[in-house]
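**Q** This is the structure, below, for whatever I ask next.
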Amino acid sequence: MRIVQKSLLHWYQTNGRHSLPWRDKRLPNRPYAVLLSEIMLQQTQVKVVKERYFFQFLEKFPTLKDLSKASEQEVLRAWQGLGYYTRARNLHKLAQLCANTGLPKEVKDLIKLPGIGTYTAGAIACFAYDLSVSFVDSNIKRILTRLFALKNPTQKQLEQQANALLNLQDSFNHNQALLDLGALICTAKSPKCGICPLEKFCKGKNMLEKLTKSKTRGNIKKTLHYAIFTKAHKIALVKSTQKLYFNLYNFPEVLKKDSIKLQNIGILKHSYTKYNLSVHCYFCDNPTILTQNLEFFTPRELSTIPLSALALKILKLLNTKGILNSNF
């Protein structure tokens, strides 16, 4: 096991993603920065988080206390475009709970906080506080499954193997190395076994298909109809009450039977979670067919409120067609 650990660290020293900002131990408010990175990376690619959201969010909310004092609308606005907004709401709740006491160090305390699961708790304990803690995410699960030739392992089995493999002398770099190995070498499709530092130790290298069968999930196709309604040089939007987009602004929906009489502006393709959407947009001059609670905003005000990704796409369509300029 010590040879495996040494091989892994040697590979990481040369090939690891050391430039990722949240791996810098000199980063101000390190526990908060690590927390933010782990929450953002739960459903988003590293490149997107690094280039477009991590530093921008820290600039707006430099500390956990600053975040706790913000309104939910401000937090959602800063999160806009990242998607999976439950992450932002849970982060905001967590900040309010920990603003005065600080972020806990121990896994048993971290896991009690909103939006923190076993992986995230372990990652924070290790990367923010240098504790010798193992954990399992999808990348590490794939490595362990292949390395030890585990067929349909339980979460408990995976956690036991991760703990057995843990390098207690350098847990920080060990865990970062596993994450990078899974992301760069031991990938779900077309793993690069020939250059893997653990190749000669891997019990499952000749039976990869049997060990890691990917689950195919069929997407649900759905058609939606949205209205573009303006009044007094302002555009109508609706604050969502649905769980997924709660407190984000969307365009008002219109029933298909009512859309027949409206002028079609264009059709967009949009996807989220398991849905593939065909989104039809219409000019609307009859507000009686819009049963939702409308709120009206000037184009300038649109930049101050949290908008759903779909609303942003519709606004882009309106800008492309010159509709916003001609109607305001």
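The values are calculated or read from the model by the stated rules, or taken from the named source; none is laboratory data. Since the structure is predicted, the reported quantities are computational estimates derived from the model, not experimental observations. Positions of Cβ are backbone-derived with ideal geometry, glycine not excepted, and every protein chain shown enters the neighbour counts. Just so you know, the surface numbers come from the protein's heavy atoms only, side chains and all, with ligands and any DNA or RNA stripped out. Shrake-Rupley method; radii C 1.70, N 1.55, O 1.52, S 1.80 Å.
**Q** For the chain, what % of the accessible area comes from carbon and sulfur atoms, probe 1.4 Å? Intermediate results must be reported in sequence, preceding the final value.
**A** Details: 8960 of 17790 Å².
Carbon with sulfur: 50 percent of the solvent-accessible area.
**Q** Using 0.36 nm times the number of residues separating residue 291 and residue 65, minus their current alpha carbon distance, what extension gain do you get?
**A** Here the segment from residue 291 to residue 65 would lengthen by 77.4 nm.
**Q** Return the calculated 222 nm mean residue ellipticity for the chain, to the nearest 500 deg cm²/dmol, obtained by summing -39500 (n - 2.57) across DSSP H runs with n ≥ 4 and dividing by the residue count. Walk me through the intermediate numbers first.
**A** Working: 15 runs with 135 residues, N = 328.
The helix-only estimate for the chain comes to -11500 deg cm²/dmol at 222 nm.
**Q** Using unit Cβ charges (K, R positive; D, E negative) and no other charged atoms, how large, in debye to the nearest 20, is the dipole of the chain about its Cα centre?
**A** About 1000 debye.
**Q** Turning to a different aspect of this structure: Using Cα positions and a limit of under 21 Å, work out the lysines in reach of residue 234, with same-chain residues fewer than 8 apart set aside.
**A** Within the straight-line limit of under 21 Å, residue 234 reaches these lysines: 313, 316, 321.
**Q** Rounded to whole Hz and in sequence order, give me ³J(HN,Hα) for segment 281-290 from the Karplus expression 6.51 cos²θ - 1.76 cosθ + 1.60, θ = phi - 60°, writing x for Gly and Pro.
**A** Calculated HN-Hα couplings, in order: 10, 9, 6, 10, 10, 10, x, 5, 8, 9 Hz.
**Q** Here's a follow-up. Among 194, 204, 152, whose Cα projects farthest towards the positive end of the dipole of segment 144-232, with charges put on the beta-carbon of Lys, Arg (+1) and Asp, Glu (-1)?
**A** 152
**Q** Checking a compactness column here: for the chain, what do you get for Rg(Cα) / (2.2 N^0.38 Å), N being the number of residues? Before the final figure, lay out the partial values.
**A** Values: Rg = 23.7 Å, N = 328, 2.2 N^0.38 = 19.9 Å.
Here the answer is 1.19, to two decimals.
**Q** Enumerate the aspartates and glutamates that residue 257 could reach by cross-link, defined here as Cα to Cα under 19 Å, with residues fewer than 8 away along the same chain left out.
**A** Those aspartates and glutamates meeting the cut-off are 285.
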